[in-house]
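The structure under discussion appears below in the form of structure tokens.
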Amino acid sequence: MASEQVTDTEAGSRSTQPTDRGAPVIRTVAMPADTNPAGDIFGGWLMAQMDLAAGNIAARRSRGRCATVAVDAITFHHPVFVGDEVSLYAWLLKVGRTSLRIQVEVWRRERAGEATMKVTEATFTFVAIGDDRRPRSVPGRDAASCPPAVGKPGESAGPVVPPATDEDANKCLPNPSAPTNWGVAQTLCVSAI
């Protein structure tokens with residue numbers, strides 16, 4: 001189960017902020033230029049930020065170019081307002097032969113407070129592509145010793161040791177005693193790099 005830190009929201013209800021996913025992949029501030037006609041942050045802007053966060057994970061894990069091929073079950077739980085700090089957390093769910101499934105959660109924090117809440121979540125599927133713009137194998141996924149599934153939505157797959165060399169990239173190197181705040185590296189290194 002994911003570790004979370006409980007905080008109070010402005011309405012007095014309880015909300016949780018993830019603590020086991022390392023640093024956010026992206027952290028930004030919602031600006032007036034990102035609003036819809038009603039004055040709230042435009043959902044399309046939030047989706048673009050989510051795609052960027054998932055794309056960072058996909059490109060680093062696949063060691064190259066990736067294309068978004070699907071976005072599943074995007075859910076907008078709460079609005080985001082101008083001035084909110086927006087934090088995007090992303091982690092691998094599965095690495096296939098040419099594809100990667102990545103879970104993304106978006107959290108907001110009021111600019112003048114510490115109250116946080118999860119506002120959006122979705123699962124992104126990417127395909128690794130080569131210079132010819134055709135699917136290519138994800139490095140390290142060819143090894144029979146690496147399991148394809150590395151986590152479930154809402155759960156971190158846990159830290160593993162990043163490879164020291166390309167030769168190590170074909171091995172799965174789980175290490176539960178590794179540091180838990182690797183930031184992006186923690187979310188990337190969950191199967192074999």
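Taking the options V82, V95, V119, name whichever one is in contact with a His (Cβ under 6 Å, 6 or more places away or on another chain) and surrounded by 14 or more Cβ atoms within 10 Å (Cβ to Cβ).
Going through V82, V95, V119 in turn, just one is in contact with a His (Cβ under 6 Å, 6 or more places away or on another chain) and surrounded by 14 or more Cβ atoms within 10 Å (Cβ to Cβ): V119.
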**Asked** Before we move on, is M47 more than 12 Å from the chain's Cα centre (by Cα) and assigned to a strand (DSSP E or B)?
**Response** no
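Every read-out reported here was derived from the displayed coordinates using simple, explicitly stated rules and does not represent laboratory data. Please read these numbers as outputs of a predicted model, since none were measured by experiment. So basically every Cβ, Gly included, is an ideal-geometry build from the backbone, and we count neighbours across all protein chains shown.
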